[in-house]
Structures are given as structure tokens and as C-alpha cells.
């Protein structure tokens with residue numbers, strides 16, 4: 001018996017939707033006729049009421065009036081398996097409108113002398129019709145859902161978009177995976193109410209009601225071809241509905257075979273922040289990388305690894321990976337090694353190892369260096385001052401000096417916005433690194449060497465090691481709370497691929513001794529970032545006076561050395577544009593400081609003596625002196 005039941009249910013599920021709707025209409029018509037017959041029987045206390053021609057015509061009018069109302073209110077667009085409990089209110093409203101319409105027709109017929117209907121019959125008809133229509137749907141839902149195995153876990157979703165990718169996605173998901181497409185959403189009023197790929201198209205303004213009516217748990221965006229500004233507006237519209245928001249890969253990636261159309265991914269946080277995209281200057285990238293022997297320090301880190309991926313696509317003669325972490329070096333080497341890729345040479349060691357750096361640069365004839373190796377986590381460097389100075393200051397000094405001595409053509413330092421008026425050791429060490437690079441650039445110019453030394457300064461990159469974005473994601477996945485040091489703190493954010501492209505292009509624009517500033521857009525309030533990420537994951541933000549579901553944001557206070565806001569410029573007015581709209585050049589001519597070598601010698605002595613407090617004071621003393629010279 002159970003086998004027959006399962007067979008019937010599976011057959012019902014596979015029937016085309018148009019036939020299911022037709023069958024449901026017929027069932028509703030029969031149920032309404034039965035409800036009207038039962039209303040007469042209860043009113044007359046007679047289960048065999050006389051069937052006069054007037055009663056038959058009025059009975060036939062009841063479903064003829066009700067079915068169009070049901071269609072208009074969407075009772076036949078719902079998928080029975082995913083019918084939410086809130087659908088009972090739609091059924092109640094539909095029966096009320098249908099009954100009132102029928103009563104109006106009865107009134108007109110009575111005025112024409114076509115018979116009289118007892119006043120209690122319409123009320124009984126409304127009650128019985130609501131019960132029968134509601135019970136039939138929820139009984140069918142139970143029959144189609146109970147014991148269905150994987151089908152019970154299917155997630156009802158909407159696809160936002162009606163383009164070719166949306167249609168392909170809807171077809172790809174039909175009968176596969178654990179998502180069930182309930183319909184499509186589109187901004188174009190021309191498409192509203194139409195069917196695309198067999199699915200009804202709804203307007204965005206109806207989303208709150210649709211989510212409640214159909215029990216939607218996920219919205220998938222299929223809008224890769226629209227402008228970034230419009231995409232951001234759509235993301236802002238759908239976040240906060242209490243559903244997860246996902247997207248499909250770019251249509252170019254699908255065509256190139258890098259993704260399948262049904263490979264749904266999470267929304268990247270930079271899409272939520274709405275950063276405008278500027279295509280890279282291919283001429284600059286090719287000039288900087290193609291055919292060159294390139295070395296990347298810190299090759300296993302967030303920025304370093306992305307630089308390596310970018311460089312590998314531009315056919316360098318050789319790519320040398322310098323990394324102190326064995327595991328990080330192994331991962332990036334395995335990722336880059338391929339038959340069609342460049343020659344990849346892994347070098348395990350620290351940038352403070354002078355002999356290793358000299359042997360590597362000289363032995364491989366390095367032409368371009370991207371120096372990304374640094375300790376960047378502010379609280380950790382604050383707790384390990386001497387190690388921060390050794391790695392960030394003297395590591396930079398070691399690599400830069402050897403690069404200058406070995407005739408390296410281009411040296412690019414990866415700096416930080418925390419180097420501007422620093423309040424922490426990490427920022428101070430990066431400022432010293434900038435001064436070192438400028439000093440060596442000046443020495444190269446004085447000696448007439450055709451060598452370029454420069455620095456590129458930018459803010460936080462999304463998803464980097466130590467960034468708040470991965471931390472927030474992890475906390476949200478665990479159910480919260482999301483911890484923020486100060487919700488009013490602001491930070492600049494940029495995607496790692498965008499940062500890597502801009503770093504290489506800035507290096508190609510350098511004339512020697514430059515400090516480049518990457519346009520980071522508008523600063524982002526950390527509290528807003530946390531709230532948006534919570535909503536994007538399909539949760540609500542839990543407030544102090546809210547005891548229900550949601551994820552709370554917990555303020556834990558600022559950590560040592562943290563600034564309430566970051567700066568990219570000492571003086572914005574002095575920043576000069578370049579040929580790339582997202583790269584600015586700092587006016588640093590007055591930053592040259594001939595005292596840097598002597599300060600480095602004194603700092604080295606303090607580090608060797610492990611005089612932590614004195615070394616920290618000296619770090620900030622040189623920066624204060626340099627800043628005073630600027631004013």
C-alpha cells in the first residue's frame with residue numbers, strides 16, 4: 001500500500017504544472033458546489049433539498065464567480081508542496097471576495113424575480129468553502145511532503161532576473177539539487193505577469209508578500225550584465241527580507257567554461273559595498289610583467305598570492321615566490337604550477353635573511369620585485385613590537401638594498417593606509433618602510449641608475465587574513481554574536497583582485513620615489529558592514545529589546561593602537577592624478593630625509609638590545625620629525 005502511495009505521489013509531482021492547475025480548478029469547483037449544497041442542507045435541515053432550476057443556476061454561478069477570484073489572488077500559482085501556513089489568509093480573503101460577489105449577483109436576480117436565497121446560506125457557504133478549499137490544499141501538501149526524503153529538503157527560491165542566464169538557471173535547477181524555483185522577479189513592468197521558461201514573473205514591489213506567501217528562503221540574482229549601480233540597488237532591496245541572497249557567475253565565466261550555470265555562489269561583500277569597476281590598463285600590465293623575471297615576497301599572503309595569480313596570467317619569464325610559511329608557500333606553488341603557466345620557483349625563508357635574498361635575486365636575475373611580506377595584524381604587532389620592526393622595517397631595508405645593488409629594474413613596496421599619521425606600531429613600521437624606499441630611490445637617481453623604487457598605499461582588502469569580513473562570516477555561520485570594536489569606526493575596503501591589478505599598474509606608472517594612493521571609494525562604517533552581512537546571510541539584526549530570532553551585534557571596544565578612522569592622504573590637495581582614474585600620486589618631494597640611514601642604525605641597535613620601549617619611541621620620533629617638516 002505504501003509503495004502505491006509513493007508511486008502516486010511521485011507521478012503527481014512530475015505532472016506538468018499547467019495540468020496540475022487545471023486539475024486544481026476542477027477540484028475547487030466541485031468543492032464549492034458541495035459547500036453550497038451543504039449550506040442549503042444545513043439551513044433547511046434537509047440533506048436532500050429540492051433542486052429547482054433557480055437553485056441549480058445559482059449553484060453553477062458560485063464556482064464561475066469564485067474561480068476567477070482565486071486566479072487573480074494567486075491561489076493557482078502556489079506550489080502545493082511549499083505552501084506556507086500564511087496561505088490560509090489568502091484563501092480566506094479569496095472566499096470572502098467570491099462570496100460577496102455571489103451575493104451581489106443573488107441580490108440582482110432576486111430583484112428580477114428569479115428566486116430567493118435564505119440569508120444564512122451565503123454565510124454557511126463562505127465558512128464551508130473556506131474550510132474545504134483550505135483543507136484540500138494543506139492535505140495535498142502533507143501527502144506530497146511526508147516521507148519524501150531529499151525532496152523534503154528542497155528550498156523554495158526566487159530568481160531575480162529574466163535574461164538568458166536566468167532561464168538557463170531555472171531549467172538547470174528543475175529536478176536537480178535541493179532548490180525549487182517558485183518564480184522570477186524582474187524590474188521591467190513589461191514582463192510582469194508573463195511566463196518565462198515556464199515560471200511566472202513578479203514585480204519587485206511584491207517581494208515582501210511573495211516571500212511570506214511562498215515561504216521563500218533564498219533569492220538568486222541573475223543580473224551579471226547590468227551596471228554596478230543598478231546591481232547594488234537590487235542587493236539593497238532584497239537584503240532585509242529575511243532570506244539568503246546568492247548570485248550566479250558572470251555570463252563570461254559561464255561561456256569560458258570556468259563555471260556552470262547552476263553553480264550558485266554567495267554575494268561578494270564588495271558587490272554590497274557598491275565599488276565601481278574600472279577595467280585594467282592591459283598595456284600597463286603587459287609592460288610591467290610580460291617576459292620579466294618577477295619576485296613576490298610574502299607570496300602566500302592575501303595580497304601576495306593574488307599578485308602571483310595575476311602575474312602568472314601575463315606570461316612572465318619566471319615567477320619567484322618568497323614566503324616564510326611552509327604551508328602557505330606550498331599552497332600557492334601548487335595552485336600556480338601547470339604545464340602552460342610560467343616557471344615557478346618557491347623560496348622558503350624570511351626577507352630578513354640577507355644571504356638568502358641576495359642569492360635569490362642574483363641567482364635568478366630578478367627584474368621586478370613586489371614586496372608584500374609584512375606583519376599586518378595591528379593588535380599582534382602591537383604585542384610583538386620587536387618582531388614587527390625586524391620584519392616590516394629591516395626586512396624592507398634588506399630586500400630594497402639588495403635589489404638596488406643587484407640592478408633590479410622595478411621595486412614596488414605594498415604599504416598601508418595605516419602609515420598615514422600612525423597610532424600603532426604596524427602603521428609606524430609601514431611608514432618607515434615608505435621612507436626607506438624613497439631614500440633608496442633618491443640614491444639611485446643621484447647615481448644615475450635607471451631603477452624605479454616606489455610604494456603603493458591602500459586600505460583594507462576584503463577577505464584578507466586578519467580582515468573583519470572573514471571574521472564576521474565565521475561568527476554569522478555560528479549564529480553570532482558578531483563582535484565589533486566600535487560600530488562608528490570607519491574603514492576603506494577594496495577587493496583583493498582589484499588591489500593586485502592596481503598595484504601592478506601603479507608600479508608601471510612610477511618615475512622613482514613615488515608613493516601611490518589607490519582610490520578606495522567612500523569609507524564604510526563597521527556597524528553598517530556588520531548589519532549588511534547579517535541581512536545578506538538571511539538573518540535579522542537582533543536588538544537589545546528583541547528576544548526573538550536574529551543575530552546580535554556585540555560591541556567589545558577598540559583594541560590597542562586602533563584608530564576610529566583611517567586616512568590615505570597626509571594632504572588630499574597635494575595628491576596628483578595619473579593616467580589611471582583609480583591611482584593617485586602623492587606629492588612627496590619634501591619627504592626626502594637624509595637622516596633616515598642614521599636613524600636606521602640607531603633603531604637597529606635598540607632592536608638588537610631588545611629595548612622594546614625605546615625602539616617604539618624611536619619609531620614614532622622619526623615620523624613626528626618628518627611630519628613636522630611637511631607642515
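The values are calculated or read from the model by the stated rules, or taken from the named source; none is laboratory data. The structure displayed is predicted, hence computed values, not measured ones. Here the Cβ positions follow ideal geometry from the backbone for every residue, glycine too, while neighbour counts run over all protein chains shown.
Brief remarks on what is shown
- Criterion violated by residue 399 - all others in (1) touching a residue at least 60 places away in the same chain (Cβ under 8 Å); (2) within 16 Å of residue 300 (Cα to Cα) satisfied: (2)
- Taken as a whole, region 363-374 holds no residue that is touching a helix residue (DSSP H, G or I) at 6+ places or on another chain (Cβ under 9 Å) and free of Cβ contacts under 8 Å to residues at least 60 places away in the same chain.
- Some residue of region 492-503 being touching a strand residue (DSSP E or B) at 6+ places or on another chain (Cβ under 9 Å) and under 22 Å from residue 551 (Cβ atoms): yes
- Residue identified as modelled with pLDDT under 80 and not assigned by TED's automatic domain parsing to the domain that holds residue 37 among 184, 221, 210, 169: 169
- Odd one out for residue 308, checked against (1) part of a helix (DSSP H, G or I); (2) without any contact (Cβ under 8 Å) to a residue 40 or more places away in the chain; (3) out of contact with any strand residue (DSSP E or B) (no Cβ under 6 Å at 6 or more places or on another chain); (4) crowded, with 17+ Cβ neighbours inside 10 Å: (3)
- The residues on offer are 371, 410, 364, and the sole one that is in contact with a strand residue (DSSP E or B) (Cβ under 7 Å, 6 or more places away or on another chain) and over 24 Å from residue 461 (Cα atoms) is 364.
- Taking region 1-106 and the helices (runs of 4 or more DSSP H) fully enclosed by it, the elements with 2 or more residues that are at pLDDT 80 or above, more than 44 Å from the chain's Cα centre (by Cα) and crowded, with 18+ Cβ neighbours inside 10 Å are at 17-44, 53-72.
- Elements of type helices (runs of 4 or more DSSP H) in region 423-540, at least 1 residues being without any contact (Cβ under 8 Å) to a residue 60 or more places away in the chain, under 17 Å from the mean Cα position of the chain (by Cα) and closer than 30 Å to residue 400 by Cβ: none
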